[in-house]
Structures are given as structure tokens and as C-alpha cells.
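Worksheet for the structure shown next.
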Amino acid sequence: MLASIQPLDRVALELGPISIYWYGIIIAFGAYLGLLLAMRETKRQGLPKETFVDLILWAVPIAIISARIYYVIFQWSYYKDNPGDIFAIWEGGIAIHGALIGSVITAIIFTRKRGLSFWKIADIAAPSIILGQAIGRWGNFMNQEAHGGPVTRAFLENLMLPDFIINQMYIDGTYYHPTFLYESLWNIAGVVLLVILQRTAVKRGEVFLAYVTWYSIGRLYIEGLRTDSLMLTESLRVAQVISVVLIIVSIALIIYRRKVMKAKPYNEKG
């Protein structure tokens with residue numbers, strides 16, 4: 001039975017010499033749904049309807065580029081000897097923390113040029129970002145990457161997972177933790193939480209900072225299960241260190257902006 005298990009094809013479509021990978025399709029689909037969600041909230045907040053269409057045209061490519069640069073920097077020992085692979089993004093290898101850095105910088109510049117509140121735009125975008133992450137993890141699933149350590153088939157079956165997930169977690173003769181799924185489910189819960197927060201009496205910036213905190217808590221735990229972590233040292237994982245820092249900074253900013261800056265309510269117009 002095990003010998004007959006074949007991984008899902010990473011290629012969705014071939015057009016002559018051009019191969020279109022599921023990884024790219026899934027990432028694009030996540031970005032599209034995120035845009036729709038942001039546009040809906042933009043309308044509710046009374047902002048120009050084209051705001052996020054204009055922003056995403058800059059933010060998405062810059063986020064992908066910065067995510068790749070971030071990944072390559074921490075894997076430079078490999079890429080310095082294989083420079084041609086730096087651009088092989090369809091093989092996977094982008095880091096969400098790098099994407100966030102690029103997105104935040106882009107949003108700061110964009111909002112200043114448009115005369116908009118950065119924190120307001122960030123709050124609107126937060127559920128869309130984590131929705132895109134939830135969907136994007138299925139690109140890792142198709143690539144059989146971002147998985148955890150070895151487990152048994154019985155373990156996976158006890159999680160009540162469908163066979164197509166269990167079989168895709170069978171890699172080179174071993175079953176692995178579906179950490180992509182753990183993070184995807186955590187992020188979906190985050191979408192629900194953030195959409196609810198958008199309709200409560202939070203201050204500007206708190207929806208976005210709640211996103212950073214929620215995502216970082218999940219990533220802190222799930223990263224410890226993974227086998228492909230970017231490492232600072234032999235024992236320190238980059239994503240876990242960054243997650244701890246982001247949790248502390250986000251909570252501190254919420255307190256500071258509420259107590260000292262007297263931040264406006266998120267749902268206040270203007």
C-alpha cells in the first residue's frame with residue numbers, strides 16, 4: 001500500500017515550456033480573497049473604494065520580493081554556492097516575516113502619500129493578511145514543505161484527517177506532522193477574531209497589533225515542530241525569536257498608544 005502512495009503534482013498546468021505551479025496559484029488566490037475582504041471593510045469605513053486595489057498593486061510584489069530576500073539571507077550558506085536558485089521562488093522558500101517588513105514599509109509610504117492613517121489601513125488589512133497566510137500554507141502542502149517531524153500514519157489518522165492530506169505527508173518513506181495545517185487552522189481562527197475586533201470599541205492600531213500577537217503566538221509553538229526552520233544558532237530558530245519580540249512589542253504598543261498617545265477609536269471616521 002505504501003509503495004503506491006504518490007504525491008500530488010506540484011504543477012497545475014503546462015503551457016508549452018511554461019509550468020504553472022499550484023504554489024503560485026494558491027498564493028494568488030489567497031491575495032485575491034484578502035483583497036475582497038479588505039475592500040468590504042474599506043467601504044464600511046467610508047474610505048475610497050480603490051484604496052486597497054492601489055495598495056495591493058505595490059504591496060504584493062514588494063512583499064514577495066522582501067520575503068524571498070529575507071529567506072535567502074538566512075540561507076546564504078546554500079545560495080552563495082547556488083546563485084541561480086535565488087530566483088526559483090516556485091520551489092518555495094519565502095518567509096512571512098520578510099513579507100511583513102516589505103508590506104509595512106510599503107503601507108507607510110503609501111498612506112503618507114495618500115494622506116491616510118497608517119494604523120487605520122493596517123487595521124483594515126489585518127484580517128486579509130492572516131487570511132492570505134491561512135490559504136498560502138496550502139501552497140506549502142502542495143510542495144510537501146514546511147512540515148514537522150516524523151509521526152506515524154496512525155497518529156495522522158487519529159487526527160481525523162482525510163486521506164489526501166495523510167498521503168501528501170508521506171515523504172521519502174516517512175510520515176510527518178502537517179504543520180502547514182496547524183498554522184492554517186490557527187490563522188483561520190485569527191481571521192474570525194480580527195473581524196469581530198473590527199466591530200468592537202478598539203483603538204486604531206489594535207486590530208493590526210492583535211493580528212501580530214495572535215499570529216506570533218501560533219507561530220512560536222508551531223515553529224518548534226518544524227524541521228526546516230531558519231536558524232540563528234544551532235538551537236535558536238529565527239521565527240521563534242522574532243515571534244517573541246513581536247508579541248512583546250505589539251502588547252507594549254497597544255498599551256502605549258491607548259494610555260499615552262490617546263489613539264482614536266478604530267471605527268471613528270476620518
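The values are calculated or read from the model by the stated rules, or taken from the named source; none is laboratory data. All of these numbers come straight from a predicted model, not from anything done at the bench. Glycine also receives a Cβ, built like all others from the backbone with ideal geometry; neighbour counts cover every protein chain displayed. Calculation scope for accessible area: heavy atoms of the full protein, side chains included, ligands and nucleic acids excluded. Shrake-Rupley method; radii C 1.70, N 1.55, O 1.52, S 1.80 Å.
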_Anything in region 221-252 that is open to solvent by 60 Å² or more (accessible area, probe 1.4 Å) and either under 15 Å from ALA126 (Cβ atoms) or in a helix (DSSP H, G or I) (or both)? List them, or say none._
TYR221, VAL244, VAL245, ILE248, VAL249, ILE251
*Are there any pairs, at least 6 apart or on different chains, whose C-beta atoms fall under 7 Å, with the first in region 239-267 and under 18 Å from SER229 (Cα atoms) and the second open to solvent by 60 Å² or more (accessible area, probe 1.4 Å) and part of a loop (DSSP other than H, G, I, E, B), and if so, which?*
VAL241/LEU232
*For region 146-155, does any single residue satisfy the condition of being crowded, with 18+ Cβ neighbours inside 10 Å and assigned to a helix (DSSP H, G or I)?*
no
*Only one of these is among the β-branched types (Val, Ile, Thr), in contact (Cβ under 8 Å) with a residue 12 or more places away in the chain and over 14 Å from PRO7 (Cβ atoms): THR174, THR152. Name it.*
THR152
_Failed criterion for SER4 (all others in (1) hydroxyl-bearing (Ser, Thr, Tyr); (2) at pLDDT 90 or above; (3) closer than 28 Å to ILE171 by Cα hold)_ = (2)
*Meets criteria (open to solvent by 20 Å² or more (accessible area, probe 1.4 Å), under 27 Å from ASP228 (Cα atoms) and either of a type in the set (Phe, Trp, Tyr) or in contact with a Leu (Cβ under 6 Å, 6 or more places away or on another chain) (or both)) for TRP90*: yes
*With the condition kept exactly as written, say whether any residue in region 40-55 is of a type in the set (Gly, Ala, Ser) and either touching a His at 6+ places or on another chain (Cβ under 9 Å) or assigned to a helix (DSSP H, G or I) (or both).*
no
*Out of the residues in region 108-136 that are without any contact (Cβ under 8 Å) to a residue 60 or more places away in the chain and over 19 Å from LEU194 (Cα atoms), which is nearest to the chain's Cα centre (by Cα)?*
ILE108
*Lone unmet requirement of (1) open to solvent by 40 Å² or more (accessible area, probe 1.4 Å); (2) in contact (Cβ under 8 Å) with a residue 40 or more places away in the chain for GLY30*: (1)
*asked:* Any residue at all in region 74-90 that's closer than 30 Å to VAL207 by Cβ and of a type in the set (Ser, Thr, Tyr)?
replied: no
*Say we look at region 253-263 and pick out the residues that are in a helix (DSSP H, G or I) and open to solvent by 50 Å² or more (accessible area, probe 1.4 Å); which of these is nearest to THR213 (Cα to Cα)?*
LEU253
_Which numbered condition in (1) at pLDDT below 95; (2) open to solvent by 50 Å² or more (accessible area, probe 1.4 Å); (3) part of a helix (DSSP H, G or I) is the only one that ASP81 fails?_
(3)
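Here is a yes/no grid of residues against (1) polar (S, T, N, Q); (2) crowded, with 18+ Cβ neighbours inside 10 Å; (3) more than 19 Å from the chain's Cα centre (by Cα); (4) more than 11 Å from PRO127 (Cβ to Cβ):
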{"site": "PHE164", "(1), (2), (3), (4)": "no, no, yes, yes"}
{"site": "ASN167", "(1), (2), (3), (4)": "yes, yes, yes, yes"}
{"site": "ASP172", "(1), (2), (3), (4)": "no, no, yes, yes"}
{"site": "THR179", "(1), (2), (3), (4)": "yes, yes, no, yes"}
{"site": "GLU183", "(1), (2), (3), (4)": "no, yes, no, yes"}
{"site": "ILE196", "(1), (2), (3), (4)": "no, no, yes, no"}
{"site": "VAL202", "(1), (2), (3), (4)": "no, yes, yes, yes"}
{"site": "ALA210", "(1), (2), (3), (4)": "no, yes, no, no"}
*Identify, by number, the condition in (1) assigned to a helix (DSSP H, G or I); (2) over 18 Å from ASP9 (Cα atoms) that ASN167 doesn't meet.*
(2)
*From ILE109, ILE62, ILE101, ILE73, which residue is part of a helix (DSSP H, G or I), open to solvent by 50 Å² or more (accessible area, probe 1.4 Å) and touching a Gly at 6+ places or on another chain (Cβ under 6 Å)?*
ILE62
